[in-house]
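The values are calculated or read from the model by the stated rules, or taken from the named source; none is laboratory data. What you see is a predicted model; the values in this text were computed from it and never measured. Cβ placement follows ideal geometry from the backbone for every residue including glycine, while neighbour counts extend to all protein chains displayed.
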Amino acid sequence: MTRPHMSVTVLEGFAGAGGLSEGARMIGLAPTLGYETNTDACATARAAGHPRVQADVRALDPAHLADAEGWISGPPCPTYAASGKRSGRTDYATVLAAVEHLADSHHPRRTLDGIAAEVADPRTALVLETLDLALDAPNLRWLVAEQVPAVAGIWQELAAELAACHRWDACTVLTLRADDFGAATRRTRVFLIATRDGAPDLTGLPYRTRWDCHRFGPGPTDRPPNPVTPFPLTSMAAALGWPDGVRVNTRGNRQTSGGNEFAADRPAQSLTGNGARTWYRTDLGPVAGRLTDREAGRLQTFPPAYPWQGSRSSRFQRIADAVPPVMAAAVLGASTRRPWQPAVWPLALIHI
């Protein structure tokens with residue numbers, strides 16, 4: 001089993017190119033160490049100053065992670081995402097049933113490997129790696145996990161197991177949208193937040209859905225949506241410094257029922273790796289007006305000079321896979337009871 005290469009208090013699994021890492025840095029949450037298998041993602045994160053070990057997080061032995069107090073998990077989403085093949089939805093019941101089985105297992109790695117062999121695509125089972133460390137890393141105090149909205153039911157099942165049987169005081173599943181935090185994209189993500197020392201501070205956090213459960217007190221509770229946001233709406237044009245009236249072509253000459261253009265005077269649709277790299281400004285044409293990786297990163301609230309590495313297709317995939325840093329900063333701040341608004345506000349106000 002692999003041990004971390006440095007003493008860390010926050011460990012990231014499936015760490016990618018740095019969306020959650022950047023959010024952690026924004027609120028002063030350090031040190032963090034990310035495990036990631038993709039070469040370009042590791043190179044990007046390292047160039048941005050985020051430590052990475054290029055290795056499979058499944059090789060970690062939770063018993064050896066005595067220094068880790070926080071666990072951030074962002075398992076890949078292609079089998080659950082609307083833009084993917086959705087094979088994970090076919091195996092949804094298998095994954096849900098596996099939560100209790102894994103929690104009761106005396107051989108969790110063997111159990112996880114068996115579940116991965118049962119499902120159509122082994123990536124579907126990677127969401128369960130979140131639970132492995134949450135159960136067995138000896139000194140964890142909090143965890144944050146993110147996925148596409150389709151995984152909300154799995155996060156709720158994990159949360160209920162942690163609260164009922166494994167001494168986690170409070171567990172919350174939230175659906176958040178990036179434009180509610182001033183980002184110029186409508187990226188939607190569902191987060192699992194679990195804490196061992198009281199409840200997270202969700203004050204000021206705009207959420208589209210909320211589900212809570214606790215170690216003590218009432219059972220699972222659905223809360224009313226709280227989409228009210230203090231942050232200004234940021235259009236794609238404002239984020240990129242474009243003039244009014246710009247339109248963006250998304251599919252060249254291909255016509256679909258939803259059209260092949262949108263106006264840049266509102267937040268952009270959620271970026272996908274294969275989709276966003278073909279976008280271009282219609283007033284400039286498909287060559288001069290082609291969306292750059294730096295522009296795509298800005299839509300996700302990455303710094304303008306964030307050092308994306310690899311081919312164009314790889315860079316756009318890394319950008320599309322990332323959690324917007326402003327959203328990451330808000331969730332990590334709420335989870336650790338650190339002030340996050342001062343870190344997010346300057347980025348939200350820069351486009352006004």
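Mind listing whichever residues of region 78-94 are part of a helix (DSSP H, G or I) and surrounded by fewer than 14 Cβ atoms within 10 Å (Cβ to Cβ)? Outline the logic, then answer.
Taking region 78-94 as the starting set, the residues that turn out to be part of a helix (DSSP H, G or I) are 87-90, 92-94.
Scanning region 78-94 gives a single hit, A93.
Please work out if W242 is outside the structural domain of W168 (by TED's automatic domain parsing) and either of a type in the set (S, T, Y) or touching a Lys or Arg at 6+ places or on another chain (Cβ under 8 Å) (or both). So W242 passes the test.
Residues that are crowded, with 20+ Cβ neighbours inside 10 Å, closer than 21 Å to S83 by Cα and hydroxyl-bearing (S, T, Y) within region 274-328 comprise just one, S314.
To keep it simple, each residue is scored yes or no on (1) surrounded by fewer than 22 Cβ atoms within 10 Å (Cβ to Cβ); (2) hydrophobic (A, V, I, L, M, F, W, C); (3) in contact (Cβ under 8 Å) with a residue 40 or more places away in the chain.
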position: G153; (1), (2), (3): yes, no, yes
position: L162; (1), (2), (3): no, yes, no
position: R167; (1), (2), (3): yes, no, yes
position: V173; (1), (2), (3): no, yes, no
position: A184; (1), (2), (3): no, yes, yes
position: D197; (1), (2), (3): yes, no, yes
position: G217; (1), (2), (3): yes, no, no
position: P232; (1), (2), (3): yes, no, yes
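Could you tell me whether region 95-102 includes any residue that is buried (at least 18 other Cβ atoms within 10 Å of the Cβ), at pLDDT below 95 and either of a type in the set (F, W, Y) or within 22 Å of the chain's Cα centre (by Cα) (or both)? For region 95-102, residues buried (at least 18 other Cβ atoms within 10 Å of the Cβ), at pLDDT below 95 and either of a type in the set (F, W, Y) or within 22 Å of the chain's Cα centre (by Cα) (or both): present. Within region 187-230, the set of residues being of a type in the set (F, W, Y) and at pLDDT 90 or above comprises F191, Y207, W211.
Any chance you could count how many residues in region 256-309 are aliphatic (A, V, I, L, M), in contact (Cβ under 8 Å) with a residue 24 or more places away in the chain and either within 18 Å of L347 (Cβ to Cβ) or in a helix (DSSP H, G or I) (or both)? Steps first, answer last, please.
We begin by selecting, within region 256-309, every residue aliphatic (A, V, I, L, M); these are 263-264, 268, 271, 276, 284, 287-288, 291, 296, 299, 305.
Next, only the ones that are in contact (Cβ under 8 Å) with a residue 24 or more places away in the chain stay: 264, 268, 271, 276, 291, 296, 299.
Filter once more, keeping what is either within 18 Å of L347 (Cβ to Cβ) or in a helix (DSSP H, G or I) (or both): 268, 271, 276, 296, 299.
Residues flagged as aliphatic (A, V, I, L, M), in contact (Cβ under 8 Å) with a residue 24 or more places away in the chain and either within 18 Å of L347 (Cβ to Cβ) or in a helix (DSSP H, G or I) (or both) within region 256-309 amount to 5.
Among residues belonging to region 204-215 that are outside any strand (DSSP E or B) and free of Cβ contacts under 8 Å to residues at least 40 places away in the same chain, point out the one that is surrounded by the most Cβ atoms within 10 Å (Cβ to Cβ). Of everything passing the filter in region 204-215, P206 is surrounded by the most Cβ atoms within 10 Å (Cβ to Cβ). For region 75-119, a residue qualifies if it is β-branched (V, I, T) and free of Cβ contacts under 8 Å to residues at least 24 places away in the same chain, and the qualifying residues are T111, I115.
Which one is farthest from L128 (Cα to Cα) among residues in region 186-203 that are polar (S, T, N, Q) and assigned to a strand (DSSP E or B)?
Filtering first and then ranking leaves T188.
Against the numbered list (1) outside any loop (DSSP other than H, G, I, E, B); (2) surrounded by fewer than 22 Cβ atoms within 10 Å (Cβ to Cβ); (3) touching a Pro at 6+ places or on another chain (Cβ under 9 Å), P138 comes up short only at (1).
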